[in-house]
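To start, the structure itself, in structure tokens.
The values are calculated or read from the model by the stated rules, or taken from the named source; none is laboratory data. Computed from a prediction, not measured in an experiment: that's the story for all the values here. No Cβ is skipped: glycine too gets one built from the backbone with ideal geometry, and neighbour counts run over all protein chains shown. Heavy atoms of the whole protein, side chains included, go into the accessibility calculation; ligands, DNA and RNA do not. Shrake-Rupley method; radii C 1.70, N 1.55, O 1.52, S 1.80 Å.
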Amino acid sequence: QVQLAESGGGLVQPGGSLRLSCVASGDILDIRLMAWYRQAPGNQRELVAQLVNGESAQYSDSVKGRFTISRDRTKNTATLQMNSLKSEDTAVYYCNAEGIIGRRANIGEVWGQGTLVTVSS
């Protein structure tokens, strides 16, 4: 079994910064992809940023140049550094992992519980 735990959400003023962290735990030898999604009230969940092993990071157009995703494959962690935050960035942010290889089993996809980011003055 694999679990994802996010942290780092909270209230921040427009123009401010937050850093989200995601830790994957359980039977893990490697993870092919880690990503951050978000879902604002009344909206569908959308991809914010993702990192696939051996590839460059990909970002949604709405966050490009402001957000940075990084991974530590040795620690099974992913972070999302969010700068120049706007009110429209307010959402629940979810960590996602795909292509998990374990000693006992492989898992296709796992989601975290989400962490709320509120950008407001």
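Largest accessible area first, the listed residues 56, 25, 121 line up as 121, 56, 25 when surface is computed with a 1.4 Å probe on the assembled protein chains.
Here the Gaussian network model covers the chain, with springs between Cα atoms less than 10 Å apart; of 33, 85, 11, 11 fluctuates the most. Positive end of the dipole of the chain (Cβ unit charges, origin at the Cα centre): among 60, 78, 39, the Cα lying farthest that way belongs to 78.
Principal axis analysis of the Cα atoms in the range 5-71 yields extents of 39, 24, 23 Å, listed in decreasing size. Taking amide H positions as placed in the peptide plane 1.01 Å from N, state which residues far from residue 16 in sequence (5 or more) or on other chains have amide H under 5 Å from it. Those qualifying (amide H under 5 Å, at least 5 residues apart or on another chain) are 85. The largest accessible area among 88, 98 belongs to the first residue in 88, 98, and the rest follow in falling order (1.4 Å probe, all chains). Amide H contacts of residue 48 (H built 1.01 Å from N, in plane; Pro and chain starts excluded): 36, 37, 38 sit under 5 Å, all sequence-distant by 5 or more or on other chains. Spin-label model, residue 56/residue 68: points 7 Å from Cα along the beta carbon direction are separated by 1.6 nm. Here the Karplus relation 6.51 cos²θ - 1.76 cosθ + 1.60, evaluated at θ = phi - 60°, turns the backbone of the range 110-121 into coupling constants of 9, 10, x, 7, x, 9, 7, 10, 10, 10, 7, 8 Hz, with x for every Gly and Pro. Working from the Cα coordinates of the chain, the gyration tensor eigenvalues give, after taking √(5λ), semi-axes of 26, 14, 12 Å in decreasing order.
Where the centre of each part is set by its Cα atoms, how far does the range 49-88 sit from the range 92-120, in angstrom? Computed from Cα coordinates, the inter-centre distance equals 14 Å.
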